[in-house]
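These notes are about the structure you will find just below.
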Amino acid sequence: MTNSISNINPVILGYHHVCNHIYPSITRATVKQFLKQVQYLKTHHYSISVLSELLLDNQSINKNSIFLTFDDALSCLYENMIELLLAREMKGTIFVITKYAGKETHWDYYKSSKCSQLNWRQLQEIANAGFEIGSHSHTHIDLNSVTHKEVKFEMEYSKKIIEDKLGRPVHFFSYPFGRFNHELTDICRETGYKGAITMKPKISRQNIFQLPRSAVYLFDTLTQFKAKLNQSVMEQKKLEFINFFSLGTIIIKNFRKNNGSNKNFLQF
Ligand SMILES: [Zn+2]
């Protein structure tokens, strides 16, 4: 297994919530918005698959290959996303925060969000339907701010829990808050993952442990969605700008955690 992923830059889209609940977050898509995007992909004959396809012979990956990913494994996905994709012969990769599976999303934000996290029974059903399940760490801590030992624990323990619960190998890791560095990349590889995804829309040096990903936001129009598929430079600049502010969100989060409040508009 090498770190290269052929000369094709895979288009990986990043979602969180897919639901109609109203609360102050832009890291979500309404059901109508998501349906429109999925319908666009179907009509234009994009091939939608799970990330492990990247590990196979890359002949099957081409410019029409799109990978849908869902961080935080929220319960609204079970109600609003799974059937919608399966009906169109599409699948995605869902990243679980293992400590909170089946529990409320009280790990850092949105007391107003009505979605909890998918439970193990739902995750098993979803995995049986062909979706891939990856790890989004055990506690969703910013891995840049903890020790080597803690990083190892977050990556190793969450992988083991998912594998034990679902009886399937876990190949991919999604860095909490999309934050990564070369040390995290190395630990991820050593821990037995085969790849990892970031929140950076473009990464010049190809490395399967630093896969680029374009987030889809509540305010994205279909035109902006198409720009993500085409890896438009303008769209990538926009996403980089938003990512820059997510860094501020982590700082605010830590500040508010210490002061009894922890709402954020960006979650990753
Ligand atoms: Zn997350």
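The values are calculated or read from the model by the stated rules, or taken from the named source; none is laboratory data. All values derive from a computational prediction rather than experimental measurement. In this analysis, Cβ positions are derived from the backbone assuming ideal geometry, glycine residues included, and neighbour counts consider all displayed protein chains. Just the protein is used for accessible areas: all its heavy atoms, side chains included, with ligands, DNA and RNA removed. Shrake-Rupley method; radii C 1.70, N 1.55, O 1.52, S 1.80 Å.
Across segment 104-120, which residue is farthest from the ligand (Cβ to nearest atom) among those that are at pLDDT 90 or above and assigned to a loop (DSSP other than H, G, I, E, B)?
This residue is Asn119.
I need a count of the residues in segment 137-179 that are closer than 12 Å to Tyr193 by Cβ, part of a loop (DSSP other than H, G, I, E, B) and either touching a Gly at 6+ places or on another chain (Cβ under 8 Å) or within 16 Å of the ligand (Cβ to nearest atom) (or both).
Qualifying residue count for the region: 4.
Kindly establish whether Lys99 is within 26 Å of Pro24 (Cβ to Cβ) and either basic (Lys, Arg) or open to solvent by 50 Å² or more (accessible area, probe 1.4 Å) (or both).
Spelling it out, Lys99 is indeed within 26 Å of Pro24 (Cβ to Cβ) and either basic (Lys, Arg) or open to solvent by 50 Å² or more (accessible area, probe 1.4 Å) (or both).
Got a number for residues in segment 180-189 being part of a helix (DSSP H, G or I) and away from the ligand (no atom under 16 Å from the Cβ)?
Total satisfying the criteria: 6.
Could you grab the pairs with beta carbons closer than 6 Å, sequence gap of 6+ or different chains, first residue in segment 134-146 and open to solvent by 10 Å² or more (accessible area, probe 1.4 Å), second one within 12 Å of the ligand (Cβ to nearest atom) and basic (Lys, Arg)?
Hits for this filter: Asp142/Arg179; Asn144/Arg179.
What are the pairs with Cβ atoms under 8 angstrom where one residue, in segment 31-56, is under 12 Å from Glu132 (Cα atoms) and the other, located anywhere, is modelled with pLDDT under 95 and open to solvent by 30 Å² or more (accessible area, probe 1.4 Å)? Sequence gap at least six, or different chains.
Qualifying pairs under 8 Å: Glu53/Ser60.
Among the listed residues Ser60, Ser75, which satisfies the condition of being in contact with a Cys (Cβ under 6 Å, 6 or more places away or on another chain) and open to solvent by 10 Å² or more (accessible area, probe 1.4 Å)?
Of Ser60, Ser75, the one residue that is in contact with a Cys (Cβ under 6 Å, 6 or more places away or on another chain) and open to solvent by 10 Å² or more (accessible area, probe 1.4 Å) is Ser75.
Can you say whether Glu53 is within 22 Å of Thr185 (Cβ to Cβ), open to solvent by 30 Å² or more (accessible area, probe 1.4 Å), modelled with pLDDT under 95 and among the acidic types (Asp, Glu), as far as the supplied structure shows?
Working: within 22 Å of Thr185 (Cβ to Cβ): yes; open to solvent by 30 Å² or more (accessible area, probe 1.4 Å): yes; modelled with pLDDT under 95: yes; among the acidic types (Asp, Glu): yes.
Answer is yes for this residue.
Only one of these conditions is not met by Ser25: (1) under 20 Å from Leu77 (Cβ atoms); (2) open to solvent by less than 30 Å² (accessible area, probe 1.4 Å); (3) at pLDDT 85 or above. Which number is it?
Every listed condition holds for Ser25 apart from (3).
Of the residues Ile197, Ile250, only one is within 20 Å of Leu51 (Cα to Cα) and either open to solvent by less than 60 Å² (accessible area, probe 1.4 Å) or modelled with pLDDT under 95 (or both); which?
None of the others qualify; the one that does is Ile197.
Which number in (1) closer than 28 Å to Ile187 by Cα; (2) open to solvent by less than 40 Å² (accessible area, probe 1.4 Å); (3) modelled with pLDDT of 95 or more marks the one condition that Gln124 misses?
The number of the failed condition is (2).
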